[in-house]
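Input: a single structure, listed below in structure tokens.
Nothing in this text is a laboratory measurement; each read-out follows from the coordinates by a stated rule. Bear in mind that the values here come from a model prediction, so they are computed numbers and not experimental data.
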């Protein structure tokens with residue numbers, strides 16, 4: 001019975017990867033409902049744990065994929081990947097509006113939209129707030145800037161952060177709130193301090 005499930009899972013994932021080659025994998029719950037609807041979520045999770053080795057199906061967060069599947073940008077997809085990444089790294093802390101890149105005179109490019117979705121899913125492009133995205137390189141660099149700043153200062157104001165990044169409030173405030181949510185910074189009234197855990201980690205290094 002389980003062998004039949006494994007074969008069905010593989011067939012479903014193979015078809016999914018062919019249909020959406022730029023996606024990491026299929027949503028786990030969607031797969032359960034489509035392939036093994038009679039199996040509870042708990043039982044399905046237990047089966048995935050059992051199958052972790054030997055069936056060539058990987059669990060990636062809340063996604064399932066065939067072990068052989070890798071996201072590869074080729075042809076026009078490669079061109080769009082390079083164009084989008086290039087625009088987002090050109091001015092790290094003043095990211096562009098994605099529609100200005102992927103909407104052509106003929107309308108929104110389906111290939112570009114697929115690449116964009118893939119870049120966000122893979123974490124190369126990071127969503128920090130509704131409509132505000134940064135390249136992963138920008139987020140990592142901003143973390144380093146904060147770490148260096150807090151070695152010399154206890155408090156950070158929004159204006160300080162804006163000046164450190166050489167950007168505008170439109171972009172720095174959502175990024176600062178994103179860091180609050182990640183517990184990198186803590187908000188106190190109108191300023192930030194370094195999160196206590198991060199401060200302790202910095203002290204060890």
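Taking only Cα atoms, what is the 0 to 90° angle, nearest 10, from helix 2-19's long axis to the longest principal axis of the chain? Roughly 60 degrees, rounded to the nearest 10. Labels on offer are [x] 16.9, 56; [y] 17.6, 59; [z] 21.3, 63, and the one holding Rg and Dmax of the Cα atoms in Å computed from this structure is [z].
Please give the helix 169-181 orientation as an angle from the longest Cα principal axis of the chain, in degrees from 0 to 90, rounded to the nearest 10. Helix 169-181 sits at roughly 60 degrees to that axis.
Which whole-angstrom value gives the distance between the alpha carbon centres of segment 145-171 and segment 172-196? Between the Cα centres of segment 145-171 and segment 172-196 lies a distance of 10 Å.
Helix 136-152 and the longest principal axis of the C-alpha atoms of the chain enclose an angle of approximately 40°. Considering only 54, 86, 131, give the residue with the highest GNM mean-square fluctuation for the chain, with springs between Cα atoms whenever their separation is below 10 Å. Taking springs between Cα atoms under 10 Å, the residue moving most is 54.
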